[in-house]
Amino acid sequence: MKIITEGNTKLKVPKDRTLSKKDKIFYNPIMEINRDISVSVIQSFLNNYKRDEFIICDPLGGSGARGLRYAKELKNPSGTVKIVIGDINPNAVKLAKENLKVNELDNVEIIHKDANVLLSENFRTFNVVDLDPFGSPNPYIDSAVRSCITKNGILCMTATDTAVLCGAYKKACIRNYDAIPLKGDKELAIRLLIGYAIRVASKYDIGLRPIFSHITDHYARTFLITERGAKKADEAVKKLGYIKVVNEEKIVKTRDEGFEKGFGGLFYLDEINDLNIVNGALEVADDRNYSERSRKIIKTISEECQINQIGCYDIHEICSFIKELVPPINDLMDGLKQNGFKVSRTHHNPNGIKTNGKIVDIVEWICEYNKNNIKNK
């Protein structure tokens with residue numbers, strides 16, 4: 001074992017790791033970015049919603065890294081923070097308890113129990129349920145929804161089966177998420193995950209509304225607020241629909257319009273981030289000097305929020321299709337802004353942009369740019 005520091009939290013972690021299910025105790029240092037962002041988002045929420053007691057459940061706790069960071073780094077302006085960490089692996093529970101002693105915390109309970117059992121035994125108890133599994137969160141979503149408070153609770157989900165969500169394994173996606181995936185734009189993976197969670201929650205007369213979503217490295221991550229009542233559930237379900245991608249342009253159909261061959265879905269079609277929560281998270285990450293990459297991701301998402309667009313335009317894909325040279329992306333963005341359009345980079349695709357312009361506006365600018373450059377040579 002060795003001791004490391006994440007954020008303001010000390011952690012004992014195994015020296016030798018394969019980052020696979022073969023590990024006796026699972027700890028992934030790459031996910032520090034995920035945990036930085038998670039603490040920032042939950043703190044942003046806490047700063048806006050008064051709670052005397054704020055209870056978070058991390059039912060797949062592993063070494064305890066996520067839960068202990070919540071316990072040590074979250075500050076409730078209106079009261080206390082309590083964390084429940086669970087894991088079915090006795091080795092993980094033992095290490096989590098050692099990490100608890102290292103950090104000298106008294107607001108954490110660590111339980112050796114199956115995640116679904118732990119969640120099912122705590123009906124409508126937790127303010128936050130954070131699902132961070134190895135693979136898909138699908139087996140735990142139903143239990144998580146039932147264990148979360150039904151108004152202004154938060155369901156957090158990480159999905160590392162991005163190959164499934166992004167369309168590489170279509171049959172697995174249909175089987176696991178009851179949805180048809182689309183290849184290409186990674187944002188659609190998050191929208192598919194959100195769409196599935198909304199359908200699960202709706203049968204309990206609970207609506208879910210995303211407040212922060214990102215797809216980074218090998219995983220998709222989203223934070224969903226619970227909204228109580230059949231009306232709220234109906235409103236959430238109405239925001240689901242189908243998408244077809246034609247030459248980088250997204251064609252959208254509502255659920256009421258029905259499924260048509262060539263489309264994928266069901267996807268969530270509304271905004272997947274709440275600008276106030278995002279900007280609050282950025283302030284937290286900056287103030288606490290969290291990792292540079294986590295701050296960059298949040299900042300880019302804040303810029304994305306200014307543009308109401310499903311997915312993004314991949315400039316390399318567009319140029320490949322129209323057989324034009326790829327211009328510097330900053331030049332393209334400046335050109336679109338000069339033409340009166342809003343434009344931003346995307347956090348998940350270095351070749352992608354979001355804009356309120358149409359694909360024809362992008363194509364015209366690229367063609368004109370290359371034409372002028374050839375003349376000047």
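The values are calculated or read from the model by the stated rules, or taken from the named source; none is laboratory data. Keep in mind that this is a model prediction, so the values were computed, not measured. Virtual Cβ from ideal backbone geometry, glycine too; neighbours counted across all protein chains shown. When the accessible area is computed, the model is the full protein with side chains, heavy atoms only, and any ligands, DNA or RNA have been set aside. Shrake-Rupley method; radii C 1.70, N 1.55, O 1.52, S 1.80 Å.
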Worksheet, complete the sentence: Within the stretch 222-255, the residues that are surrounded by fewer than 16 Cβ atoms within 10 Å (Cβ to Cβ), hydroxyl-bearing (Ser, Thr, Tyr) and in contact (Cβ under 8 Å) with a residue 60 or more places away in the chain are none
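When you go through ALA179, ALA220, ALA230 one by one, which is the residue that is small (Gly, Ala, Ser) and within 13 Å of PRO137 (Cα to Cα)? Full working, then the answer.
Numbers: ALA179 fails: within 13 Å of PRO137 (Cα to Cα); ALA230 fails: within 13 Å of PRO137 (Cα to Cα).
Matching residue, one of ALA179, ALA220, ALA230: ALA220.
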Practice prompt. Filter the stretch 176-192 down to residues that are closer than 24 Å to PRO59 by Cα and free of Cβ contacts under 8 Å to residues at least 60 places away in the same chain, then give me how many there are.
Written response: 3
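Looking at the stretch 213-242 only, could you name the residues that are part of a loop (DSSP other than H, G, I, E, B) and under 13 Å from LEU192 (Cα atoms)? Before you say what the answer is, go through the steps one by one.
Keep residues of the stretch 213-242 that are part of a loop (DSSP other than H, G, I, E, B), which gives 217-218, 229, 239.
Of everything in the stretch 213-242, just one residue is part of a loop (DSSP other than H, G, I, E, B) and under 13 Å from LEU192 (Cα atoms), namely LYS239.
Condition first: surrounded by 14 or more Cβ atoms within 10 Å (Cβ to Cβ), in a helix (DSSP H, G or I) and either of a type in the set (A, V, I, L, M) or out of contact with any Ser or Thr (no Cβ under 9 Å at 6 or more places or on another chain) (or both). Now tell me which residues in the stretch 351-363 satisfy that.
From the stretch 351-363, those surrounded by 14 or more Cβ atoms within 10 Å (Cβ to Cβ) are 351-357, 359, 361-363; that's our starting set.
Cutting the leftovers down to in a helix (DSSP H, G or I) gives us 359, 361-363.
Correct list: ILE359, ILE362, VAL363.
Can we say ALA168 is among the hydrophobic types (A, V, I, L, M, F, W, C), out of contact with any strand residue (DSSP E or B) (no Cβ under 9 Å at 6 or more places or on another chain) and either within 29 Å of GLY280 (Cβ to Cβ) or open to solvent by 40 Å² or more (accessible area, probe 1.4 Å) (or both)?
Working: among the hydrophobic types (A, V, I, L, M, F, W, C): yes; out of contact with any strand residue (DSSP E or B) (no Cβ under 9 Å at 6 or more places or on another chain): yes; either within 29 Å of GLY280 (Cβ to Cβ) or open to solvent by 40 Å² or more (accessible area, probe 1.4 Å) (or both): yes.
When the stated conditions are applied, ALA168 passes them.
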Worksheet item: Could you say which residue among ILE174, ILE141 is open to solvent by 10 Å² or more (accessible area, probe 1.4 Å), among the β-branched types (Val, Ile, Thr) and either modelled with pLDDT of 95 or more or on the phi > 0 side of the Ramachandran plot (or both)?
Response: ILE174
